[in-house]
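The values are calculated or read from the model by the stated rules, or taken from the named source; none is laboratory data. It should be emphasised that the depicted structure is a prediction, and the values quoted were computed from it without experimental measurement. Glycine also receives a Cβ, built like all others from the backbone with ideal geometry; neighbour counts cover every protein chain displayed. With ligands, DNA and RNA removed, areas are computed over all heavy atoms of the protein, side chains included. Shrake-Rupley method; radii C 1.70, N 1.55, O 1.52, S 1.80 Å.
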Amino acid sequence: MAIAKLLKMPFLIGGIALTASVAAVTSAAAQDACSYPEQPVSIIVGYSPGGGTDTIARLLANGLTEVTGQPFNVVNKPGGAQVPAMKFVMDAEKDGYTLEFFSTGSAVMATLLRDQGFTFMEEFKPVANVAISTSVLAVNKSSGVTTGEEMIAWIKETYESGSKLRYGHAGRGSSSHIAIAAWLEANDLYGMVQDVPFDGSGPARAALIGEQVDFTGMNIANVEKDEVLHGVGTLSETRDPAVDHVPTMKEQGIPYVDMDGPLLLAAPTGTPQEVIDCLEASVKQVSGMPSFVEAMNKAGFAVIYQDSQTITNRMAGLIDGWKAAVDSVLASARSN
């Protein structure tokens, strides 16, 4: 399977240790030169209140309100893998007053698996990234499996005995489904397991805790929330800064697809560049605020700031890899 390998892009982590004060001064100066925003701003979130994406969006909105002096309000439009929310923002005025905060994995996956009439990169301009949703292959600790090699051996031994392990995910076509399916495909394991779809990541995680399934793909922050679960390996180029004791599949020498999901603020394509620049400067300033960093850490995420150009390039590379993974998984599904 041809899967694009992605270069690591530069980013700033946590409080941006050695450069926080310089970044704050620079961003503050840039913000002072901005006439935007002059009225309240809506940040659309394609999920219900209370989830990880919504939580981060609200923390960012609070910080942007503090930095700019104008209210940034989160508006939830859940359902449809963020597609209805995306269409709402696409149809809004391109003036910077209707933005969207994305969990990009599921949003982009929705446009790769089905023709939605638009693509993410055509219709949205990433403003800045603030965190990463790191995908991890997780098991219940009762399985005794601790490494990627042991996971592969467990799958093969079970299959050779005439049975199949069951893996849970947030629904067919979800980013957690494609993440694990692509990992299975990359290791020639796809037909040796049975997938079990759930209505969201919460029920899939609960099923793993209750041993109703044998393994899942999920956000690494959710693995840390329960002592019953164990992260076998992350499907990412580097370890998650907030959960850095879980090794990557890359470190273990095991084929994988990079399923890092940037969590970013974006504006609809056509938004004036001066608005993008002002927003980027404001997000950078918020990313260096100790209160924001602390709140993000409590939510289980490290602050990973990437500017507009960096995260735009990063997304283009990730989408290339995801497209190859989706095509391969769909081909395998048709042949099994």
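Over the residues of the chain, the helix contribution to mean residue ellipticity at 222 nm works out to -13500 deg cm²/dmol, using -39500 (n - 2.57) for each DSSP H run of at least 4. Against the main long axis of the alpha-carbon atoms of the chain, helix 148-160 sits at an angle near 40°.
VAL74 contributes an accessible area of around 30 Å² to the protein surface, as traced by a 1.4 Å probe with all chains present.
Give me the percent relative contact order of the chain, please, defined on Cα pairs under 8 angstrom at least 6 residues apart.
Working: 664 pairs, mean separation 100.3, N = 336.
It rounds to 30 percent for the chain.
Applying 1/(1 + (r/R0)^6) with r as the Cβ-Cβ distance of GLN194 and VAL228 and R0 = 22 angstrom yields a FRET efficiency of 0.50. In the elastic network of the chain, a GNM with C-alpha springs shorter than 10 Å, the most mobile of SER142, SER42, SER106 is SER142. When exposed loop sites are taken as trypsin sites (Lys or Arg not before Pro) in a DSSP loop with at most 15 other Cβ atoms within 10 Å, the longest stretch of the chain clear of them is 226-336. To the nearest 10, the accessible area of THR147 is 50 Å² with a 1.4 Å probe. Per-residue surface analysis assigns SER287 an accessible area of about 0 Å², computed on protein heavy atoms at 1.4 Å probe radius. The lysine pair tally for the chain, using Cα distances under 18 Å and a gap of 8 or more places or different chains, is 10. Using C-alpha pairs under 8 Å with a sequence gap of at least 6, the mean separation divided by the residue count of the stretch 233-336 gives a relative contact order of 23 percent.
Quick check: at a probe of 1.4 Å, how many percent of the accessible area of the stretch 249-320 sits on carbon and sulfur atoms? Could you put the intermediate results ahead of the total?
Working: 1220 of 2390 Å².
With neighbouring chains kept in place, the figure for the stretch 249-320 is 51 percent.
Note on the stretch 32-130: percent of Cα-Cα distances in each 5 Å bin, starting at 0 and stopping at the bin with the largest distance, equals 2, 13, 24, 25, 19, 10, 5, 2, 0.
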